[in-house]
């Protein structure tokens, strides 16, 4: 039986539209008779998965109520722009959700369900296309869990950044499109491999990114050092529950955790009963 995956673009997002154009150009999506928010809906069957491509008339971070319109969806993949003050060309992937306040969509202290294997597959293929297409000026990286929406179904963002010149770069958009489709084609709604939660480091954690690419760990939620002070036992257990894959341990990027947060973090970890180790 086919299960449904939702691929989400936004008319408010130039990069998202550029990526969607590459998906429609290179993959077997067909325009259906349906519309969503007055935009055409496209469908495809990919490796025994029924995939629906929609365009929102709002920013993707605000799509908190989207699953209500697609109650049987098993994975939601947002194709999106990435923005940063540095403007560094980037190809990134992450789970949405908030460890504290919901300043950019979603719900306070609620993270989406993290599809760790799908995120890893997207990361690996972003690296593959970066090399194949000669995108050496682009950095490939995980991002920590951040921004909305906070969804009760597995959700992920695959992003192209970080300024207008990248958002309209069709070659880089093709890389994001290819990585997205690969993650969708290989998605398993009932995975058996164990995942880990990563704590510490910067928003773009190079240690966790490299460990994933080397096959050393399968990362679910990643909590950066700026969010460690918001982590209590409840939040840590919430991240475990909101992981599609069973979580076996917590990996600590120990040098990437502020010294003033370490004592409380260790108390939280001990109280949680979770296995943890420093890397």
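Of note:
- Scanning the stretch 206-253 for residues that are under 17 Å from residue 119 (Cα atoms), touching a helix residue (DSSP H, G or I) at 6+ places or on another chain (Cβ under 9 Å) and in a helix (DSSP H, G or I) returns 207, 209, 212, 213, 240.
- Among the residues of the stretch 43-66, the one identified as in contact with a helix residue (DSSP H, G or I) (Cβ under 6 Å, 6 or more places away or on another chain) and either surrounded by fewer than 17 Cβ atoms within 10 Å (Cβ to Cβ) or not assigned by TED's automatic domain parsing to the domain that holds residue 156 (or both) is 47.
- Check on residue 75, buried (at least 19 other Cβ atoms within 10 Å of the Cβ), over 16 Å from the mean Cα position of the chain (by Cα) and not assigned by TED's automatic domain parsing to the domain that holds residue 220: no
- Every residue from the stretch 232-279 that is within 20 Å of residue 109 (Cα to Cα), surrounded by 14 or more Cβ atoms within 10 Å (Cβ to Cβ) and within 20 Å of the chain's Cα centre (by Cα): 235, 236, 237, 238, 239, 240, 242, 243, 244, 247, 250
- In the stretch 95-112, residue nearest to the chain's Cα centre (by Cα) [restricted to those that are surrounded by fewer than 24 Cβ atoms within 10 Å (Cβ to Cβ) and not in a loop (DSSP other than H, G, I, E, B)]: 105
- Any hit, the stretch 154-177, residues being over 18 Å from residue 82 (Cα atoms), touching a strand residue (DSSP E or B) at 6+ places or on another chain (Cβ under 7 Å) and either modelled with pLDDT of 95 or more or not in a loop (DSSP other than H, G, I, E, B) (or both): yes
- Complete set of residues in the stretch 228-279 that are within 18 Å of residue 95 (Cα to Cα) and without any contact (Cβ under 8 Å) to a residue 12 or more places away in the chain: 241
- Test: residue in the stretch 13-26 that is in a loop (DSSP other than H, G, I, E, B), assigned by TED's automatic domain parsing to the domain that holds residue 104, under 21 Å from the mean Cα position of the chain (by Cα) and on the phi < 0 side of the Ramachandran plot: yes
- Verdict on residue 40 being free of Cβ contacts under 8 Å to residues at least 60 places away in the same chain, outside the structural domain of residue 224 (by TED's automatic domain parsing), assigned to a loop (DSSP other than H, G, I, E, B) and over 21 Å from the mean Cα position of the chain (by Cα): no
- Filtering the stretch 218-231 to residues that are under 19 Å from the mean Cα position of the chain (by Cα) and surrounded by fewer than 19 Cβ atoms within 10 Å (Cβ to Cβ) leaves only 226.
- Checking 88, 145, 92, 127 one by one, the residue that is surrounded by fewer than 21 Cβ atoms within 10 Å (Cβ to Cβ), touching a strand residue (DSSP E or B) at 6+ places or on another chain (Cβ under 6 Å) and not in a helix (DSSP H, G or I) is 88 and no other.
- Criterion (in contact with a helix residue (DSSP H, G or I) (Cβ under 9 Å, 6 or more places away or on another chain) and in the same structural domain as residue 146 (by TED's automatic domain parsing)) met by exactly one of 69, 9, 86: 9
The values are calculated or read from the model by the stated rules, or taken from the named source; none is laboratory data. Quick caveat: nothing in here was measured; it's all calculated off a predicted structure. Neighbour counts are summed over all protein chains in view; Cβ atoms, including those assigned to glycine, are modelled from backbone coordinates with ideal geometry.
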